[in-house]
Amino acid sequence: MEFTIAHGDIGVTVDILHRNYAPTDAWSRTFVEAQVKASTPAFAATVRGPIGIVDLIDFRAAVGTVYDTLRGTASLDTLDPLLSLGLSADHRGHLLWDVTIVDPARAHPAQLSFRFESDQTYLPDVLTQLDAILAAYPVRPPSD
């Protein structure tokens, strides 16, 4: 299950693989394991790590507001330095995406950063994909 933000041959895909940890740990049950693939015409990178479900909820809400108003910003920053995804919009529906993915498994983490433009016509698909992920991976309440 994934969401993709792209324009032509540049973009990022976040593939949600599974819940991250044992369901008995209240903190850990709010994370999913993800594989993040980012690419530009000249570079590509893939990293894997945890993403907070609450962070996805907040990102989905902010992207929805940008789509509804054609203004504002949205961001998704993971707790571990895995992914930073930023969106800014102007009143004409032009979108600017800032993407950074980091491979924190190295002694000196490698990263790929880039930006690209798109327009608001891409957002309904992103919102639909995020809704499907959030339906499949709700925040689990603590067990009794």
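What follows is calculated from the coordinates using simple rules that are stated; it is not laboratory data. Owing to the predicted nature of the structure, the values given are computational and were not obtained by experimental measurement. Heads up, the Cβs are rebuilt from the backbone with ideal geometry, glycines too, and the neighbour counts pull from every protein chain shown.
Points worth noting:
- Cα-based convex hull volume of the chain per residue, rounded to whole Å³: 103 Å³
- Each Lys or Arg adds one and each Asp or Glu takes one away; over the other residues whose Cβ falls under 14 Å from the Cβ of residue 113, this sums to -2.
- Net charge in the neighbourhood of residue 128 (other residues with Cβ under 13 Å of its Cβ; Lys, Arg +1, Asp, Glu -1) is -2.
- Remark: the stretch 48-55, residue by residue, has Karplus-estimated 3J(HN,Hα) of 9, x, x, 10, x, 5, 4, 5 Hz, where x stands for each Gly or Pro and the curve is 6.51 cos²θ - 1.76 cosθ + 1.60 at θ = phi - 60°.
- Near residue 37, once Lys and Arg are set to +1 and Asp and Glu to -1 for all other residues with Cβ below 12 Å from its Cβ, the sum equals -1.
- Computed [θ] at 222 nm, deg cm²/dmol, the chain (DSSP H ≥ 4; -39,500 (n - 2.57); rounded to nearest 500): -7000 deg cm²/dmol
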